[in-house]
Each structure stands twice: as C-alpha cells, then as structure tokens.
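Working notes for the structure below.
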Amino acid sequence: EGMEKEGWQNVLGFIENGGTVLSWGRSVDLFTGVMEPKEPLASFRFPVTNVSRQFAERGLSIPGSFLQLQLVPNHPLTLGMPKFTGVFHRTNPILETEIPAFGMSRRVIGHFPEGEVLLSGFIQEENLLHRSPAMVWMQSGKGNVVLYSSLCG
C-alpha cells in the first residue's frame, strides 16, 4: 500500500533536520510523486519525475543491460570517480528534473551521455536516454536526498 502519511512526515522531518537519504530503484518513486501518501502533501514536492512509463510507450526497452553514465567531476558524491562509469539498468526509473521550489536545491550529478549509452546487453530506442539524469542530488532544509536511477557497476 505504500507509506502512510505519518511515515512520510517522518522521512521529510529527517531530511529537513539534516538527514541524508539515498534512494535507488523503485524506492526513487517515493520522491518522484508516483508513490504518494494517502493524503497528498501538496505543500511538499521534489523537483524530479519518473518518466519511465512515457519512455516505454515511446519504445524504450532495457531488459537488463550495462549502460554508460557520465558524472560531474569533483562533486563530493563523485570525488575520485572517473568521468564515465558503467551502471546496471533493468526497468529502473528514468528521471527528469525541473526547477526546484524556493528553499530547495537540486543538481544533476550524473546523466546518460549523448551518443553511445549501451556498454553491454540490449537496449531499444537508446536515443530517448540521451542526456537523461541518472543521479540527482537535492537539498531541502538542512538535509539531502540523492536519487540513483541505476546501480553503479
């Protein structure tokens, strides 16, 4: 059924008070609005959307493949990592960001590059992924949320 309103409020309070949440796979939907609490919290919305359904309707298919990811260099979350890395992706979220509301920051830390994305496996309609965010950092209050659409290999 998902998270109850009280649980969601606890997560938001944890973030606002300085907590850090890392989320990947289906748990990303908690922060993209797909898994909303029973009573939607209109006053709080993260500036990220999961567009995987829309991309699937346009033909994107990734049954389980190793994809290339381009990282922002010298960010605290990517320090020591190469500019390009591989990630495993299988029906994971596809992220899209928007300008955040007042009092919130967001930055795309990693995205699928324009050009060759597939490193190994199969992908259909690869071009839909070009420049799509794959790692997004958000700051709200004193805390942080990091969303990963795929797992680094």
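The values are calculated or read from the model by the stated rules, or taken from the named source; none is laboratory data. Fair warning: this is a prediction, and the values are worked out from it, not measured in the lab. We place every Cβ from the backbone using ideal geometry, glycine too, and count neighbours over all the protein chains shown. These accessible areas exclude ligands, DNA and RNA; they are computed on the full protein's heavy atoms, side chains included. Shrake-Rupley method; radii C 1.70, N 1.55, O 1.52, S 1.80 Å.
Scanning the range 48-64 for residues that are open to solvent by 30 Å² or more (accessible area, probe 1.4 Å), modelled with pLDDT of 95 or more and part of a loop (DSSP other than H, G, I, E, B) returns a single hit, 58.
For (1) open to solvent by 60 Å² or more (accessible area, probe 1.4 Å); (2) under 21 Å from residue 20 (Cα atoms); (3) charged (D, E, K, R); (4) part of a strand (DSSP E or B), each residue gets a yes or a no:
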site	(1), (2), (3), (4)
78	no, yes, no, no
87	no, no, no, yes
93	no, yes, no, no
100	no, yes, no, no
114	yes, no, yes, no
139	yes, yes, no, yes
147	no, yes, no, yes
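Is the range 91-114 home to any residue that is out of contact with any Lys or Arg (no Cβ under 6 Å at 6 or more places or on another chain), modelled with pLDDT under 90 and on the phi > 0 side of the Ramachandran plot? Within the range 91-114, one or more residues are out of contact with any Lys or Arg (no Cβ under 6 Å at 6 or more places or on another chain), modelled with pLDDT under 90 and on the phi > 0 side of the Ramachandran plot. Evaluated against (1) more than 23 Å from residue 20 (Cβ to Cβ); (2) open to solvent by less than 60 Å² (accessible area, probe 1.4 Å), residue 122 falls short on exactly one condition, (2).
Applying a threshold of 8 Å to beta carbon distances and a minimum spacing of six or more residues, or different chains, the list of pairs starting in the range 15-29 at a residue that is in contact (Cβ under 8 Å) with a residue 24 or more places away in the chain and ending at one that is of a type in the set (D, E, K, R) reads 16/142; 17/142; 18/142. The lone criterion from (1) open to solvent by less than 20 Å² (accessible area, probe 1.4 Å); (2) out of contact with any Gly (no Cβ under 8 Å at 6 or more places or on another chain) left unmet by residue 135 is number (2).
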